[in-house]
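Bear in mind these aren't lab numbers, they're just calculated from the coordinates by the rules spelled out. As the structure is a computational prediction, the values presented were derived from the model and not from experiment. No Cβ is skipped: glycine too gets one built from the backbone with ideal geometry, and neighbour counts run over all protein chains shown.
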Amino acid sequence: MDESVNELYELIKIAREKIWKALTKTDIPAVKKALKDADLMLHWSLWHLALEEELKPELEREKAGISE
Amino acid sequence: MRFWNPIWETMPRKKLDEIHLKRIKKLIRYAYTHTQLYRRKFRECGLTPDDINTMDDFVKKVPFTTKEDLTYSQSPEQMFAVDALAEKSDTIIHYFQTSGTTGLPLKIPFSHYDTIKYGEDWVYGFWAVGIRPRFRFYFAFSWGMYAGFWSCYWGVRRLGCTAISGGGVGTEDRIKQLQSLKPDVLVATPTYAVYIAEMCRKMGVDPKSFGLKFFYGAGEPGPTAIPKLREELESYYGVKAYELYGVAEVGAIAPACPLQLGTHLNESNYHCIVIDPETGELLSEGERGENVVTSFAQLSQPVIKYRTKDIVEWHYSDACECGRTWVLYKGSVLARSDYVVKVRGVNIYQTAIENIIRSIPGASPYIEMHLRLDERKLDDMLIKVEADQSLPSEMYSDLENKIAEAIRGVIGVRLAVEVLPPNSLPRYELKAKKIFDHRPKERRMLLER
């Protein structure tokens, strides 16, 4: 992987992990929905880099044990 | 930046194929796990997802999906086809359906992510031709259940452009809106754009006064498929005219090549093979056949090796003169496989016929093609053409002859032609119905999209 793309990938991964952690810290529907949308957009940016792991972000959250 | 996403649009073929295979394997596992449809189809073939490891496995072993598969479990009591749905129905945020002139309309569900990807498909096309954020788009569309222009709207928002709705009003009011709002891009079916120009003439309005820069169409063969139609639209409106090739239940799969050579399959979201529609055999590059598409973007109602019934001539473009490495459909969609008829040994393609007729003085753009059987019970075609307003009726028979001869000169067979007075044929706001099949039921294949 190109170094700059690798760096970008790592940054996106970190951002997603923070969002996943935030998801476990709230039950407020409005906030949960916004966080899921944010994760979707980050997954979408990985799609644009051809670096996504699964076809949908929720499949990755499931794998990571994030409860919805 | 020439490309919306150069990583995908200029990706070498070898890497594209590697990623396609990875995604195909994931998609098959996903569809098998989440839909009864694909579990049933795979079990009928004695397959599981573990059996698909190479592209050869995919091409040779995985069964095709048809429209009938998707409608199989539809019923009036249920919103969606239960066995084809991969999402829980409460995560579906948009519902469409095809118009369905025969039999059931096809119900099409989309999740939030599906709609994002569907919209993004259009953005590749917009960016390629020079459309940028803050351009203003006018939608000459009534916002019914037709997926095409809704997805265009999602793309317009995604790019950061302004959407102006032409919904809820008739053509005359749309013309007045175009005059006063002066958008940059007109979105309509190509036939309706021709009709708007016709109405402008009746109202004494010059369509060039709208100040449009682009026409971007979809829904039927347009400026890419029919060069004469492109010339007309560009001449009427003073624009560059393009089209996107989409399949409602799959996605906006192929935006226009900016050099107007055809449409390029968006390989960030789709994979295709092209087959002989009669035998199902894989065709080589440059051959004409039925487009079979797999979508990585439509995950609510997955489509794997979906038979679109669209006839295309496909080329690898390493790279197209436009710089893209994506598969090129030269001339975009040439015909529907159901409606390619062989008349005296010659395949007749709808777009070829339209292109010929449009170049003949005295013929209007309003055309119908009627499939029928001749006295020997072989496929035949009668073409009905409206005369231009300026043509005296005593010249109709001369025009019939000119059209028949022009067709014979290009495609090698003489077809029956009937010239009708102006305004004899219906006008359409969405896709025009141009093909009518009068052959016995057993000779016809059901078509609807």
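Stokes-Einstein diffusion for the stretch B:320-449, with the hydrodynamic radius set to the Kirkwood value over Cα pairs and evaluated at 25 °C in a medium of 0.890 mPa s, equals 153 µm²/s. Scanning residues 5 or more positions from B:Lys240 or on other chains, those with amide H under 5 Å from its amide H are B:Phe214, B:Phe215, with H placed 1.01 Å from N in the peptide plane.
Shown for B:Leu378, A:Leu40: other C-beta atoms within 10 Å of each C-beta, ranked fewest to most, produce the order B:Leu378, A:Leu40.
Exposure proxy for B:His370, B:His264, B:His271: other Cβ atoms within 10 Å of each Cβ, ordered fewest to most, give B:His370, B:His271, B:His264. Ignoring solvent entirely, what values of log10 I(q)/I(0) come out of the Debye formula for chain B at 0.12, 0.13 Å⁻¹ when each Cα is a single scatterer? Relative scattering, expressed as log10 I(q)/I(0), comes to -1.07, -1.25. Quarter the surface of the alpha carbon convex hull of the stretch B:1-88 and you get the mean projected area, 8.0 square nanometres. Straightening the chain between B:Glu442 and B:Ile7 buys 151.8 nm, computed as 0.36 nm per residue apart minus the Cα-Cα spacing. Mark the label point 7 Å from the Cα of B:Lys15 along Cα→Cβ and return the residues of the stretch A:35-63 whose backbone N is within less than 13 Å of it. Of the residues in the stretch A:35-63, A:48-51 have backbone N under 13 Å from the label point off B:Lys15.
Residue exposure proxy: A:Glu3, A:Glu60, ordered by other Cβ atoms within 10 angstrom of their Cβ from fewest to most, comes out as A:Glu3, A:Glu60. In degrees from 0 to 90, rounded to the nearest 10, what is the angle of the helix B:396-411 Cα long axis to the longest principal axis of chain B? Computed tilt is about 40 degrees.
Stokes-Einstein, applied to the Kirkwood radius of the stretch B:132-195 over Cα pairs at a viscosity of 0.890 mPa s and 25 °C, places its translational diffusion at 205 µm² s⁻¹.
Here the 3J(HN,Hα) profile of the stretch B:54-61, calculated from phi with Karplus coefficients 6.51, -1.76 and 1.60 at θ = phi - 60°, is 10, 5, 4, 4, 4, 5, 8, 9 Hz, Gly and Pro shown as x.
Scan the stretch B:274-347 for trypsin sites (Lys or Arg not before Pro) in coil per DSSP, keeping those whose Cβ has at most 14 other Cβ atoms within 10 Å, and list them by number. Answer in residue order: B:Arg344. How tilted is helix B:227-237 with respect to the longest principal axis of chain B? Cα atoms for both, answer in degrees (0 to 90, nearest 10). Taking the Cα atoms of chain B, the angle to B:227-237 is about 70 degrees. Charging the Cβ of each Asp and Glu at -1 and of each Lys and Arg at +1, and nothing else, the dipole of the stretch B:296-449 about its Cα centre rounds to 680 debye. Convex hull volume per residue, computed on the Cα atoms of the stretch B:334-410, equals 97 Å³. Its Kirkwood hydrodynamic radius, worked out from the mean inverse distance over all distinct Cα pairs, puts the protein assembly as shown at 24.4 Å.
Counting lysine pairs in the stretch B:162-287 whose alpha carbons fall under 16 angstrom apart, excluding pairs fewer than 8 residues apart on the same chain, gives 8. In the calculated pair-distance distribution of chain A, the portion above 21 angstrom amounts to 22 percent of the Cα-Cα pairs.
DSSP bridge analysis restricted to the protein assembly as shown gives an antiparallel fraction near 60%, rounded to the nearest 5.
Bridgeable lysines around B:Lys377 (alpha carbons under 27 Å apart, same-chain partners fewer than 8 residues away excluded): B:Lys309, B:Lys342, B:Lys402, B:Lys433, B:Lys434, B:Lys441.
Of B:Ser75, B:Val333, B:Trp150, which is farthest towards the positive pole of chain B's charge dipole, taken about the Cα centre with +1 and -1 on the beta-carbons of Lys, Arg and Asp, Glu respectively? The residue sitting farthest along the positive end of the dipole is B:Trp150. The amide H of B:Val417, built 1.01 Å from its N in the peptide plane, has B:Ile383 as neighbours under 5 Å, considering only residues 5 or more places off or on other chains. Helix B:13-34 and the longest principal axis of the Cα set of chain B meet at an angle near 70°.
Along chain B, the exposed loop sites are GluC sites (Glu not before Pro) outside DSSP states H, G, I, E and B with at most 14 other Cβ atoms within 10 Å, and the longest stretch free of them is B:78-277. Measuring nothing but how far apart in sequence close Cα pairs (under 8 Å, 6+ apart) lie, relative to its length, the stretch B:198-312 scores a relative contact order of 16 percent.
Here, the stretch B:395-439 has an Rg and a Dmax of 13.0, 34 Å when only alpha carbons are counted.
Each other residue within a Cβ distance under 12 Å of B:Arg2 adds +1 if Lys or Arg and -1 if Asp or Glu, for a net charge of 0.
Cα gyration tensor of the stretch B:35-187, axes a ≥ b ≥ c as square roots of the eigenvalues: rounded (a/c below 1.5), prolate (a/b > b/c) or oblate? Prolate shape, in that a/c is at least 1.5 and a/b is the bigger ratio. Distances between placed amide hydrogens fall under 5 Å for B:Arg336 paired with B:Ile311, B:Gln350, all partners being 5 or more residues away or on another chain. Over the stretch B:155-274, the alpha carbon radius of gyration divided by the compact-protein estimate 2.2 N^0.38 Å works out to 1.10.
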